[in-house]
Amino acid sequence: MEKFEPLTFQRILLTVDPDDSKSTQRAFRYSVTMAIKFKASLGICSVLENNDINIYDSLTPSKIEAKRDQLREVVGGYADCASKAGVEDVTPIISVGGSIDDEILDSIAPKFKADLLICGADATGEHGNRSISVKLVKKSKISTIIIR
């Protein structure tokens, strides 16, 4: 190695799980710290899980919209907090449907042009034997950090 070049990130994507506030809050704090340090853009995303929409709700557009609004409020709250903490470029992102990991990796991250993905560790048993954070690490084509 001839010259040391620091590794920096320009577009950080944080995944937010509204059901797991402890790891999400820790991942949020880390993401904000890194975004400020690198002067990076910060995307804050969450996916409305198919499991959160029962058959009745899926046939009632107002129910689905209410769940979207609730998710927008959570993600928007994190985005506002990041802005107040000093992150200059914050983008709240929500998505509905599909598997969470596929939606983040195949849709959200490419559209945001993320070069770093940050997520909180799944709460024990939250998704059964299918840890979303582990799936993200295994399948991601960009650098990924799990915060516990």
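The values are calculated or read from the model by the stated rules, or taken from the named source; none is laboratory data. Since we're looking at a predicted model, the values are computed, not measured. Cβ atoms come from the backbone with ideal geometry, glycine included; neighbour counts cover every protein chain shown.
Taking the listed residues Ser31, Ser21, the one that is within 18 Å of Gly76 (Cα to Cα), polar (S, T, N, Q) and in contact with a strand residue (DSSP E or B) (Cβ under 7 Å, 6 or more places away or on another chain) is Ser31, with no other qualifying. Residues of segment 9-24 that are modelled with pLDDT under 95 and either polar (S, T, N, Q) or over 22 Å from Ser107 (Cβ atoms) (or both): Ser21, Lys22, Ser23, Thr24.
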